[in-house]
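Quick notes on the structure that follows.
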Amino acid sequence: MDETRLSTFMLADVIERYIYFIESEAVYTNEHFENQNTGKLSALNKMLTDIEDLNEEEFLQKYLEIMDHLNTRYENGEFKEKYELNHLFGYTIAVKKIMGCVDPEFHYLLDDYFVDLNPSI
């Protein structure tokens with residue numbers, strides 16, 4: 001932790017700390033978690049770039065559309081391999097967490113998405 005005043009703490013700071021945690025965390029070292037972490041890092045790095053270019057509404061809309069598209073693909077059975085499911089699981093976790101920071105309603109909008117997506121170890 002640093003001495004940053006919370007009044008100046010930005011979404012980029014949250015994302016960067018999440019990335020740092022994933023990259024430095026040694027607890028989750030098996031293949032299951034590595035694929036999830038790859039999915040999380042994929043989402044977080046893209047979101048970190050997007051917050052520089054998009055306003056709040058554009059950002060929310062973009063990731064809602066991405067989640068819509070991924071959910072449709074998931075429902076159609078396009079993700080079959082365990083590593084794909086783990087990657088998707090990690091990606092969706094990261095998107096939901098960050099989007100929940102921007103707009104808490106986002107969690108409720110996605111309640112019916114990715115039903116039963118919880119790959120086992």
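The values are calculated or read from the model by the stated rules, or taken from the named source; none is laboratory data. As the structure is a computational prediction, the values presented were derived from the model and not from experiment. Reconstructed Cβ throughout: ideal geometry from the backbone, glycine too, with neighbour counts over all protein chains shown. With ligands, DNA and RNA removed, areas are computed over all heavy atoms of the protein, side chains included. Shrake-Rupley method; radii C 1.70, N 1.55, O 1.52, S 1.80 Å.
Okay, here's what the table says:
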| item | result |
| --- | --- |
| Criterion: in contact with a helix residue (DSSP H, G or I) (Cβ under 9 Å, 6 or more places away or on another chain), assigned to a helix (DSSP H, G or I) and of a type outside the set (G, A, S) - qualifying residue of F79, F106 | F106 |
| Residue in the range 40-62 that is in a loop (DSSP other than H, G, I, E, B) and not acidic (D, E) present | yes |
| Selection status of E56, of a type in the set (D, E), at pLDDT 90 or above and more than 24 Å from Y83 (Cα to Cα) | yes |
| Residue match in the range 83-93 (condition: in a loop (DSSP other than H, G, I, E, B) and surrounded by fewer than 17 Cβ atoms within 10 Å (Cβ to Cβ)) | no |
| Test for K46: is it within 12 Å of the chain's Cα centre (by Cα), open to solvent by 60 Å² or more (accessible area, probe 1.4 Å), within 21 Å of E65 (Cβ to Cβ) and at pLDDT 90 or above | yes |
| Criterion violated by Y74 - all others in (1) open to solvent by less than 40 Å² (accessible area, probe 1.4 Å); (2) part of a helix (DSSP H, G or I) satisfied | (1) |
